Amino acid sequence: MNLASPAEVKKLLEDIGVRPNKVLGQNFLIDRNILNKLISAADVSENDCVLEIGGGLGIVTEELVVKAGSLTVVEKDKKLAHHLLNKYGDNPKVEIIHDDVLKVISRPDWPEKEQDYNKVVANLPYSVGTRLLVDMIQSQSRPQLVVVTVQLEVAERFSAECGAKDYGLLSIWSQMHYNVELVKAVNNTCFWPKPEVTSGILKLELMNEGQPSPETARGVYRLTKHAFSHRRKQMSNILRNCIDDFRIEPEVISEIFEKLGLSVSLRPQNLSVSDWLGLTQAIMEVKGNG
């Protein structure tokens, strides 16, 4: 079975009894070159425990099975999960889970209950891409490497640099934990059915050093979420009217910004990831939470 052939993919889906669901973001990868780019960027070896999300018909799965030490595939569609189970159910290093991945990774006993994983490799359904990546980033058990296809607009927001038009919450939250790279834009003709949007291969590689403490990370999440809801305002005004944990007096704001070498007239999108970390830590120290 050639899973890169639109005709064969369509026939297999008919045999299984699946009609691609736009709500679930079911667009099946059918381009071998893009598949190779995805797999190459993940650099999977027998030392890796891999999580695949949205296994679909298995075009990514069949590559990961050969390379990974163990593979867990989470598939929400019952018929597709059954198809994958029929194909890989006898393989001792593969586990197929029929469930919603957003529910699976939010369980208190995940990933301990299932096979642990250090890499996530997937052609992500458009419907869950952003939320899933944010959940992983904000988790205390972050994977070492994430390589996924997502909507190009989403990939650009994660990988944007300070000052760019796409720079915002996703950029800051991901880049304070990961080195983030937009590996390649992916044309919509590489999928069937053809989506209305362009995709991109996004790579997040966990930084070995410089990880913020859990308390600082939570502070950055909260402070930036508030600040970017007022992104047209200057930081001095934002902090004077901030959420209770971070509200500080004007003279203290000036002292903190001067110490950090920053101007109080800056807007949220003009602060780099390191600026946000330094600002959050400084405010937490002033408020007695650092």
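Residues that are under 22 Å from the mean Cα position of the chain (by Cα) and more than 17 Å from residue 26 (Cβ to Cβ) were ranked within segment 68-82; the one that is surrounded by the most Cβ atoms within 10 Å (Cβ to Cβ) is 71.
Looking at residue 234, is it buried (at least 18 other Cβ atoms within 10 Å of the Cβ) and not hydrophobic (A, V, I, L, M, F, W, C)? Criteria not met by residue 234.
The listed residues are 150, 220, 180, and the only one of them that is in the same structural domain as residue 22 (by TED's automatic domain parsing), over 20 Å from residue 54 (Cβ atoms) and in contact with a helix residue (DSSP H, G or I) (Cβ under 7 Å, 6 or more places away or on another chain) turns out to be 180.
Of the residues making up segment 83-92, not a single one is within 19 Å of the chain's Cα centre (by Cα) and crowded, with 17+ Cβ neighbours inside 10 Å.
Take the residues of segment 125-163 that are within 17 Å of residue 227 (Cβ to Cβ) and of a type in the set (Gly, Ala, Ser): which is surrounded by the fewest Cβ atoms within 10 Å (Cβ to Cβ)? Among those that are within 17 Å of residue 227 (Cβ to Cβ) and of a type in the set (Gly, Ala, Ser), it is 163. On the stretch given as segment 255-290, residues that are in contact (Cβ under 8 Å) with a residue 12 or more places away in the chain and in a helix (DSSP H, G or I) total 19. As for segment 233-247, it holds at least one residue that is part of a loop (DSSP other than H, G, I, E, B), farther than 19 Å from residue 288 by Cα and in contact with a helix residue (DSSP H, G or I) (Cβ under 9 Å, 6 or more places away or on another chain). Summed over segment 2-57, the residues that are in a loop (DSSP other than H, G, I, E, B), surrounded by fewer than 22 Cβ atoms within 10 Å (Cβ to Cβ) and of a type outside the set (A, V, I, L, M, F, W, C) give a count of 14. Annotation note: of 174, 159, the sole residue that is in the same structural domain as residue 126 (by TED's automatic domain parsing), under 20 Å from residue 127 (Cβ atoms) and either over 12 Å from the mean Cα position of the chain (by Cα) or of a type in the set (S, T, N, Q) (or both) is 174. Give me the pairs: first residue in segment 126-139 and part of a helix (DSSP H, G or I), second residue of a type in the set (Phe, Trp, Tyr), beta-carbon distance under 9 Å, and six or more apart or on different chains, which are they? Every condition considered, the pairs that remain are 130/158; 133/158; 134/173; 137/173; 137/178; 138/173; 138/221. Among the residues of segment 173-185, those identified as in contact (Cβ under 8 Å) with a residue 60 or more places away in the chain and either acidic (Asp, Glu) or more than 12 Å from residue 138 (Cβ to Cβ) (or both) are 175, 183, 184.
The values are calculated or read from the model by the stated rules, or taken from the named source; none is laboratory data. Note that the structure is predicted; figures quoted are calculated from it, not measured. Every residue, glycine among them, receives a Cβ derived from its backbone with ideal geometry; neighbour counts consider all protein chains shown.
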